[in-house]
Amino acid sequence: MSISRKKFVILFIISGFAFLFITTSLLGSTGPRGFPQFPDSVLRTGGDSPIAWKSAVSRIILPIKIVLIGPVSPLIEYMRQDDPPPPFIGIIFAFYWTILALILHYLLGKLKRS
C-alpha cells in the first residue's frame, strides 16, 4: 500500500468514530449523541423504528456495524451496568479498531503485492 501504516490506522479510527456518531445521531431514538444510550442497542439503532427510512438504512448498514462494533458489544453492554464515563467506551473502540486496521492494512498490502 502507498499509505503508511500509522496514517491508515489514524484514518480508520477517525472514520469509525464518524460512522458511529453519524449513524447514532441519525438513527437513534433518544436524540443525537456519540454513543447509543439505553434502551438503544449498539447494533440495532433505528432497526425497529416506525419510520420507514430509518428502518431501511439500519438494515443496510447492519453488516458494517457487526464488523465495526459487534465483537466489543458484549463488553460495552457489561460496562453499561456500571455506567462508565464515555471515554472508556471510546478507548475500547479505538483499541479494537486499531487491531482491525492493522490486520486490514496487512491484508491489503499482501493483495497489492501479489
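The values are calculated or read from the model by the stated rules, or taken from the named source; none is laboratory data. It should be emphasised that the depicted structure is a prediction, and the values quoted were computed from it without experimental measurement. Cβ: placed from backbone, ideal geometry, glycine included. Neighbour counts: every protein chain shown.
Here are some notes:
- Search result, residues across region 18-45 that are surrounded by 16 or more Cβ atoms within 10 Å (Cβ to Cβ) and modelled with pLDDT of 80 or more: Leu20, Thr23
- Which numbered condition Ser4 fails, given (1) among the small types (Gly, Ala, Ser); (2) surrounded by 11 or more Cβ atoms within 10 Å (Cβ to Cβ); (3) at pLDDT 75 or above: (2)
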